[in-house]
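Contents: one structure, followed by commentary.
The values are calculated or read from the model by the stated rules, or taken from the named source; none is laboratory data. Note that the structure is predicted; figures quoted are calculated from it, not measured. Every residue, glycine as well, gets a Cβ built from its backbone with ideal geometry; the counts of neighbours run over all protein chains shown.
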Amino acid sequence: DYNDAQAIAEACEHGRIRPVPIKSAEQQDEQMLHKLRQGVSKDRIRISNQLRGLLAEYGVIIPKGIAALHRELPLALADADNALTERARQLLNRQYQHFMKLEEELAWYDEQVKQTAKQDETCQ
């Protein structure tokens, strides 16, 4: 609207707007790589917290951390003496498999970042 146009014109006159260089296709690719990796990482954390919370509802407590989840969740699913029902075990196992796929995906993105860093002169 008029007010926005006025503010833009004023900012340009007083030099408060600095031009931003247009990213090359390669720079956009790298930005995409990092955004997608970040999304997978957030999903992995979300799923790990979800699994931990769902287990806690049945009295199965798993400490924070990915390593603890890898170590304790399979044991909890196999433990016939805890309060988990067969249906809960099935559902939790399915979600854990999804979590494991996210782990693989994150490892793939990490490898892509490493390869890019090796090839990029500014990272040397």
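All conditions in (1) farther than 14 Å from G53 by Cα; (2) under 25 Å from the mean Cα position of the chain (by Cα) hold for Y96, with the sole exception of (1).
Take the conditions (1) of a type in the set (D, E, K, R); (2) outside any helix (DSSP H, G or I); (3) surrounded by 12 or more Cβ atoms within 10 Å (Cβ to Cβ); D43 misses just one of them, which is (2). Within segment 53-89, being under 16 Å from F99 (Cα atoms), part of a loop (DSSP other than H, G, I, E, B) and among the β-branched types (V, I, T) holds for one residue alone: I62. Quick one: L55 ticks every box in (1) modelled with pLDDT under 95; (2) surrounded by 15 or more Cβ atoms within 10 Å (Cβ to Cβ) except a single one, so which number is it? Failed condition: (1).
Scanning segment 22-76 for residues that are among the charged types (D, E, K, R) and more than 23 Å from E105 (Cβ to Cβ) turns up K23, E57.
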